[in-house]
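The values are calculated or read from the model by the stated rules, or taken from the named source; none is laboratory data. Since the model is a prediction, treat every value here as computed from it, not as a measurement. Every residue, glycine as well, gets a Cβ built from its backbone with ideal geometry; the counts of neighbours run over all protein chains shown. All accessible areas refer to the heavy atoms of the entire protein, side chains included, with ligands and DNA or RNA removed. Shrake-Rupley method; radii C 1.70, N 1.55, O 1.52, S 1.80 Å.
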Amino acid sequence: MMRFSTLVKHPADWMTGGQGEHGAVLTSRIRLARNLHRHPFPGWAKRDQRAAALDLMRPAIEALPAMKGGFSQELGDLSSVQKQVLVERHLISREHAARGDGSAAVIERRQTFSLMLNEEDHLRMQAIRPGLQLSAAFAALSELDTTLENSLQFAFDPTLGYLTTCPTNLGTGLRASAMLHLPGLVLSDQIGQVLQAVNKIGLAVRGLYGEGTESLGNLYQISNQSTLGESEETIIRRLERVISQVANHEQNAREKLLEDDPEMVADKIGRAYGVLRYSHIIDSKEALNHLSLLRLGGSLGFFSPETVMLCDSLLMDIQPAHLQLHSGQKLSPEERDSIRAEILRSRLLSLESPDSGILSKEEKNL
Amino acid sequence: MKCDFCDQKATVFLTQLVEGQMKKVCLCEACAKERGVTDPTGFSLADVLLGGLPGGAGSITMSSSAVAPGNGKKCDTCGFTLDDLRRVRRFGCSDCYATFSEEVNQMIRGMHKGVSHVGKVPEGLMALQFRNQRIEELRSRLEQAISSESYEEAAGIRDEIRNLDEVKG
């Protein structure tokens with residue numbers, strides 16, 4: 001089985017793939033909740049019952065062809081920094097990271113599948129893909145689920161569907177979500193309107209970092225709330241439609257910003273570049289917000305297109321646990337801020353200053 | 001102000017409506033992190049409040065020996081009671097959905113787009129049940145074969161069981 005250090009050595013493909021026609025969509029994620037028939041749910045099970053459920057699931061999951069050469073650890077055997085790194089990579093939930101013995105994480109080699117054992121449900125399975133690929137992610141995960149059904153008996157009721165610890169996940173047990181980068185909508189003050197519209201059709205929207213409506217790094221997550229009464233395909237189709245509409249709005253907003261106020265855009269991107277390239281102390285809020293603008297610059301042609309991918313991997317690498325893992329020791333918040341700045345400076349060292357030639361090109365076009 | 005969990009200075013303050021009541025928790029940075037409070041998604045104040053706050057209502061994972069004082073409805077499979085359900089708004093095991101079917105119907109009304117499942121049905125479920133049944137059958141035949149000393153037949157049955165078990169594993 002794979003070691004932790006090997007697992008996290010490289011960013012997964014999906015972490016740096018948010019390019020192409022849906023540049024606003026970083027990743028697509030599918031989660032399925034499953035439970036073992038007649039075994040008490042993890043939150044209610046006694047220690048030995050939880051261990052028994054784990055002993056039943058773990059070998060079956062490790063034996064999956066997709067999990068060959070993958071990572072598998074009981075959470076009690078991981079340090080809190082290691083668990084936090086997995087959280088920052090979206091491979092396990094924060095809730096799961098708080099657990100220890102009796103719970104486990106099994107992660108596919110390339111980090112495209114990750115399975116949480118004895119989370120809130122016995123099994124929370126996840127597939128992640130770059131860009132807008134909810135259908136593909138679901139197809140892959142559903143196949144894995146079907147294979148598991150050969151060896152595990154999942155709790156299922158013909159009327160209520162897959163039975164889950166919390167009734168909010170009943171039915172399909174499906175949570176489909178996408179992470180979106182929406183600086184254009186934020187800068188042009190349209191974000192509130194758009195998110196409200198998304199909310200109105202029963203989808204959940206939240207900032208990826210930060211509380212409430214505030215979102216650091218202009219990153220948002222859109223997901224379904226209802227899991228019962230509609231098929232997986234219906235849920236996913238609606239989400240994909242809405243997400244591509246939001247991505248289109250974002251594209252339009254960016255174009256309009258460049259047209260109406262190119263100087264403001266160039267100024268923001270230029271300042272972000274300056275701060276990230278030359279600061280020595282930077283907290284995660286400031287870093288996220290500037291990286292967001294740098295990423296925008298990459299999409300708009302101020303920097304080379306690869307800059308977008310660079311920003312996506314930096315988003316992960318400047319998180320607190322990643323910094324601690326990188327430096328190999330426990331860090332105070334002050335130390336984190338200076339190591340974060342150091343990492344940003346070195347990774348952006350070869351990034352050329354923004355090419356505002358794009359502005360004059362735009363002008364010529366007009 | 002001090003953290004509710006330890007004596008450190010509290011820097012994280014949370015207020016949330018839990019079943020119509022305002023609840024407040026104060027935490028230091030370490031405890032907040034440990035409890036996943038800094039993540040707005042994976043966290044519900046109810047869990048912090050119920051899960052081991054001094055003087056709190058007790059952890060979700062304990063009190064399986066509790067007996068329901070009310071109408072005494074209790075899941076035969078896992079011992080989960082109606083009171084437990086009212087407290088945590090979650091269930092104890094898959095059989096609880098049958099035990100508390102009335103409550104389930106009330107809870108899910110308006111929660112989802114519908115009240116009955118549309119979508120994937122485990123195909124494996126059928127196959128697995130069929131196979132387990134078949135193994136049971138073979139086992140009793142094996143016993144018969146052994147007691148009637150037809151060892152050749154017994155060996156054949158044993159191999160068949162082994163094959164089925166392998167597919168299962």
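Counting alpha carbon pairs within less than 8 Å and at least 6 residues apart, what relative contact order, in whole percent, applies to chain A? Numbers along the way, then the final one.
Numbers: 638 pairs, mean separation 66.3, N = 366.
In percent, rounded to a whole number, it is 18.
Tell me the angle of helix A:134-149 to the major Cα principal axis of chain A, expressed in degrees between 0 and 90 and rounded to the nearest ten.
Approximately 20 degrees, to the nearest 10.
Just checking the output field for A:149-157: average partner chain Cβ neighbours within 10 Å of each residue's Cβ?
Details: counts 7, 10, 5, 4, 6, 5, 6, 6, 7.
Mean number of neighbouring Cβ atoms from other chains: 6.
Label the range A:100-223 by shape, choosing from rounded, prolate and oblate, from the square roots a ≥ b ≥ c of the eigenvalues of the Cα gyration tensor; if a/c is under 1.5 it is rounded, and otherwise prolate applies when a/b is larger than b/c, oblate when it is not.
Values: a/c = 2.15, a/b = 1.81, b/c = 1.19.
Prolate, because a/c is 1.5 or more and a/b exceeds b/c.
From the phi angles alone, apply the Karplus equation (6.51, -1.76, 1.60; θ = phi - 60°) to the range A:177-185 and give each ³J(HN,Hα) in whole Hz, x where the residue is Gly or Pro.
Result, rounded to whole Hz: 8, 9, 9, 10, 10, 10, x, x, 5.
Can you give me the long-range amide H partners of A:Gly161? Hydrogens built in the peptide plane at 1.01 Å from N, cutoff under 5 Å, separation of 5 or more residues or another chain.
Counting only residues 5 or more places away or on other chains, the set is B:His117.
How much mean residue ellipticity at 222 nm does chain A get from its helices, if each DSSP H run of length 4 or more adds -39500 (n - 2.57) and you divide by all residues, to the nearest 500 deg cm²/dmol?
Values: 14 runs with 173 residues, N = 366.
After summing the helix terms and dividing by the residues of chain A, the value is -15000 deg cm²/dmol.
Using a cut-off of 14 Å between beta-carbons, work out the net charge of the residues near A:Arg277 (Lys and Arg +1, Asp and Glu -1, A:Arg277 not included). Write out the running numbers ahead of the final one.
On the way: positive: A:Arg271, A:Arg340, A:Arg345, A:Arg347; negative: A:Glu286, A:Glu342, A:Glu352.
Around A:Arg277, the surrounding residues sum to +1.
Which three semi-axes in whole Å describe the equivalent ellipsoid of the range B:67-111, each the square root of 5 times a Cα gyration tensor eigenvalue, listed largest first?
On the way: eigenvalues 55, 26, 16 Å².
Equivalent ellipsoid semi-axes, largest first: 17, 11, 9 Å.
Between Rg and the Kirkwood Rh of chain A, both from Cα atoms, what is the Rg to Rh ratio?
Values: Rg = 21.5 Å, Rh = 21.6 Å.
On the Cα set of chain A, Rg over Rh gives 0.99.
First select every other residue whose beta carbon is under 14 angstrom from the beta carbon of B:Lys9; then total the charges, Lys and Arg +1, Asp and Glu -1. Could you put the intermediate results ahead of the total?
Working: positive: B:Lys2; negative: B:Asp4, B:Asp7, B:Glu29.
That sum, taken over residues with Cβ under 14 Å, equals -2.
Is the shape of the range A:247-293 best called rounded, prolate or oblate, per the rule: a/c under 1.5 gives rounded, else a/b larger than b/c gives prolate, else oblate, with a ≥ b ≥ c the square roots of the Cα gyration tensor eigenvalues? All intermediate terms of the calculation are to be shown ahead of the outcome.
Numbers: a/c = 4.40, a/b = 1.88, b/c = 2.35.
Here the range A:247-293 falls in the oblate category.
Could you give the accessible area per residue of chain A, probe 1.4 Å, as a whole number in Å²? Can you show the working numbers first?
Values: 14750 Å² over 366 residues.
Roughly 40 Å² per residue, with all protein chains present.
Ordered by residue, what ³J(HN,Hα) values in Hz, to whole numbers, does the range A:121-129 give under the Karplus form 6.51 cos²θ - 1.76 cosθ + 1.60, where θ = phi - 60° and Gly and Pro are x?
Whole-Hz 3J(HN,Hα) from phi for the range A:121-129: 9, 4, 9, 10, 10, 9, 10, 10, 9.
Most fluctuating residue of A:Gly173, A:Gly298, A:Gly328 in a GNM of chain A with Cα springs under 10 Å: which is it?
In the Gaussian network model the winner is A:Gly328.
Using a probe radius of 1.4 Å on protein heavy atoms only, what is the accessible area buried between chains A and B, both sides summed, to the nearest 100 Å²?
Working: alone 16830 and 12250 Å², together 24770 Å².
The buried area between A and B, both sides summed, comes to about 4300 Å².
Based on the mean of other beta carbon atoms within 10 Å per residue, what is the order of A:190-200, A:128-138, A:75-85, most packed first?
Numbers: A:190-200: 15.2, A:128-138: 22.5, A:75-85: 18.3.
Result, highest mean Cβ count within 10 Å first: A:128-138, A:75-85, A:190-200.
Can you list the HN-Hα couplings for the range A:190-206, worked out from phi with the Karplus curve (6.51, -1.76, 1.60; θ = phi - 60°), rounded to whole Hz and with x for Gly and Pro?
9, 4, x, 4, 4, 5, 4, 4, 5, 4, 4, 8, x, 9, 8, 10, 8
Rank A:Ala287, A:Ala266, A:Ala45 by mean-square fluctuation in a GNM of chain A with C-alpha springs under 10 angstrom and give only the top-ranked residue.
Fluctuation is largest for A:Ala45.
With a 10 Å radius around each residue's Cβ, average the other Cβ atoms per peptide and rank B:84-91, A:139-146, highest first.
Result, highest mean first: B:84-91, A:139-146.
Which links in A:Lys285/B:Lys113; A:Lys256/A:Lys285; A:Lys68/A:Lys330 stretch past 29 Å when you go from one Cα to the other?
Working: A:Lys285/B:Lys113 37 Å; A:Lys256/A:Lys285 27 Å; A:Lys68/A:Lys330 33 Å.
The pairs that break the limit, which is 29 Å between Cα atoms, are A:Lys285/B:Lys113; A:Lys68/A:Lys330.
Where a ≥ b ≥ c are the square roots of the eigenvalues of the C-alpha gyration tensor, would you call the range A:1-101 rounded, which needs a/c under 1.5, or, failing that, prolate if a/b is larger than b/c, or oblate?
Numbers: a/c = 1.89, a/b = 1.69, b/c = 1.11.
Taking the square roots of the gyration eigenvalues as a ≥ b ≥ c, the range A:1-101 is prolate.
Would you look at the GNM of chain A, springs on alpha carbons closer than 10 Å, and say which of A:Pro333, A:Pro65, A:Pro158 moves the most?
The residue with the greatest mean-square fluctuation here is A:Pro158.
Sequence-distant or interchain residues sharing an amide H contact under 5 Å with A:Asp283, placed H: which?
none
Would you give the gap between the C-alpha center of the range A:51-86 and the C-alpha center of the range B:133-167, rounded to a whole Å?
First find each Cα centre; the distance between them is then 35 Å.
Among A:314-322, A:176-184, how do they line up by average Cβ neighbours within 10 Å per residue, starting with the highest? If you can, show how the numbers build up before the last one.
Numbers: A:314-322: 21.3, A:176-184: 25.1.
My ranking of the peptides, most packed first, is A:176-184, A:314-322.
Check A:Glu230: other-chain or 5+ apart residues with amide H under 5 Å from its amide H, H built from backbone geometry?
Sorted by chain and number, the residues that satisfy this are B:Val118.
Take every residue in peptide A:167-178, count the Cβ atoms of other chains within 10 Å of its Cβ, and give the average of those counts.
Working: counts 10, 6, 1, 9, 10, 5, 2, 2, 0, 0, 0, 0.
Per-residue shielding by partner chains comes out at 4.
Order A:Arg50, A:Arg295, most accessible first, counting only protein heavy atoms with a 1.4 angstrom probe. It would help to have the intermediate numbers written out before the result.
Numbers: A:Arg50 50, A:Arg295 5 Å².
The ordering from most to least exposed comes out as A:Arg50, A:Arg295.
Report, as an integer, the average count of C-beta atoms from other chains found within 10 Å of each Cβ along A:33-40. Don't skip to the answer; put the middle values down first.
On the way: counts 0, 1, 3, 2, 5, 5, 5, 12.
The mean count of partner-chain Cβ atoms within 10 Å per residue comes to 4.
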